[in-house]
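Bear in mind that the values in this text are calculations on the coordinates, not laboratory data. Since this is a predicted model, take the numbers as computed values, not measurements. Here the Cβ is made from the backbone with ideal geometry for all residues, glycine too, and neighbour counts use every protein chain on show.
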Amino acid sequence: MATPAQWLAGARPRTLPAAVSPVLAGSGVAAYVHGFVAWKALLALVVALALQVAVNYANDYSDGIRGTDADRVGPMRLVGSGAAAPAAVKRAAFLAFGVAGVAGLVLAVTTAWWLVAVGLVSMLAAWFYTGGSKPYGYLGLGEVMVFVFFGLVAVVGTTYVQTETWEWAALWAAVGVGALACAILVANNLRDIPTDTLAGKRTLAVALGDRGTRRLYVALVVLATVAIFAVALVTTPYAVAAVGFLVLALPAVRTVRGGATGPGLIPVLQQTGLAELAWAALVAAGLVLGR
């Protein structure tokens, strides 16, 4: 039976920035247009955190029962390691989906009912990343869905539930957050190219190969940098201060470009996650100062 510490590891708390960053960035845009609503921002954070936990447990369950984690390089998986029964991990995933659903429903009721459809699609995307008979994560589409749901939907959605208006700044902020969220997945899949190839998991990294995947990682960091200036152009020059995220991102870039493999890439995940959090926090701070 898995211990509480093992369950916490299964939820991968190191990926917390991937959930917090979209809400920070989206709320920063809402504050810039004088539309910040604290309780809605908090509910958006609950949705983001719950979905992040849900997708982690869902991936643990689905990869575990397929045997993809039988020879894993990264952190321990509950099902793959035998620390927890597959059914228990599946229940944990659906419990997290339930929390996200309840919080999201409150936001929909108080904002717009069509948000219910957005929430349902988001949960289906989280489950079928590695779940179902033809998971899209095994077809090289994982990065696309991360960009869409943990970037575009999460950031723009956070702004919209507070302001109920379309804001171009939210779109550009979503591009920056989404790019770095993708970079985390790219680094993870770069590390796992050998084991994913053996398991028949054709991620984008497997398709691009080692060199192409390293180039993609660097390109995503560059895109996140460009997005800062796009945000600043439609809001305030203060947003440019977010280039400070490169202090955290550049060490990860050097590691990736330096050819690190296997366990040597594990620190890149944490560094990229912290860089994403710094990006969102600095953009939000700039928007608040410049409004």
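Approximating the spin labels as points 7 Å out from Cα along Cα→Cβ, the LEU198-to-PHE94 distance works out to 3.3 nm.
For the range 141-291, count all C-alpha to C-alpha pairs, find those more than 25 Å apart, and express that count as a whole percent of the total. Present the calculation step by step, with values, prior to reporting the outcome.
Values: 3335 of 11325 pairs.
That tail contains 29 percent of the Cα-Cα pairs.
The HN-Hα couplings worked out from phi for the range 165-177 by the Karplus form 6.51 cos²θ - 1.76 cosθ + 1.60 (θ = phi - 60°) are 9, 7, 10, 4, 4, 5, 5, 5, 5, 5, 5, x, 5 Hz, whole numbers, x standing for Gly and Pro. Taking a straight line from the alpha carbon of LYS201, these lysines sit under 29 Å away, with near neighbours fewer than eight places off in the same chain left out: LYS90, LYS134.
Under the Karplus relation 6.51 cos²θ - 1.76 cosθ + 1.60, θ = phi - 60°, what is the ordered set of whole-Hz ³J(HN,Hα) values for the range 284-291, x standing for Gly and Pro? Computed from phi, the couplings for the range 284-291 are 4, 5, x, 5, 5, 5, x, 6 Hz. Return one number: the angle in degrees, 0 to 90 and rounded to the nearest 10, between the long axis of the Cα atoms of helix 204-234 and the longest principal axis of the Cα atoms of the chain. Helix 204-234 sits at roughly 10 degrees to that axis. For PHE36, the residues whose amide H sits under 5 Å from its own are ALA31, ignoring neighbours fewer than 5 places away on the same chain, with H placed 1.01 Å from N. Rounded to whole numbers, the Karplus 3J(HN,Hα) couplings from phi for the range 181-187 are 4, 5, 4, 4, 5, 4, 5 Hz, using 6.51 cos²θ - 1.76 cosθ + 1.60 with θ = phi - 60°, and x at Gly and Pro. Neighbours of TRP127 by Cβ distance under 15 Å: Lys/Arg scored +1, Asp/Glu scored -1, total +2. Considering only alpha-carbon pairs that sit under 8 angstrom and 6 or more positions apart, the relative contact order computed for the range 205-278 is 29 percent. In degrees, nearest 10, range 0 to 90: what is the angle between the Cα axis of helix 86-110 and the longest Cα principal axis of the chain? Once rounded, the angle reads 10 degrees. Within the chain, what's the longest run with no chymotrypsin sites (Phe, Trp or Tyr not before Pro) in a DSSP loop and at most 16 other beta-carbon atoms within 10 Å? Give the range, please. After excluding every exposed loop site, the longest remaining stretch is 167-291.
Qualifying trypsin sites (Lys or Arg not before Pro) in the range 173-262, where qualification requires a DSSP coil assignment and no more than 15 other C-beta atoms within 10 Å, comprise ARG202. Extension gain, ALA38-VAL222: 0.36 nm per intervening residue step, less the Cα-Cα distance, totals 63.1 nm.
Starting from one equal scatterer on each C-alpha and no solvent at all, send me the Debye-based log10 I(q)/I(0) for the range 34-133 at q = 0.20 Å⁻¹, two decimals. Once normalised to I(0) and log-transformed, intensities are -0.92.
Take the Cβ atoms of ALA85 and ALA112, set R0 to 41 Å, and the FRET efficiency comes out at 0.55.
For the pair the range 227-250 and the range 117-182, the centres of their Cα atoms are 21 angstrom apart.
Compared with the alpha-carbon gap, the fully stretched path from THR165 to THR261 is longer by 30.1 nm at 0.36 nm per residue.
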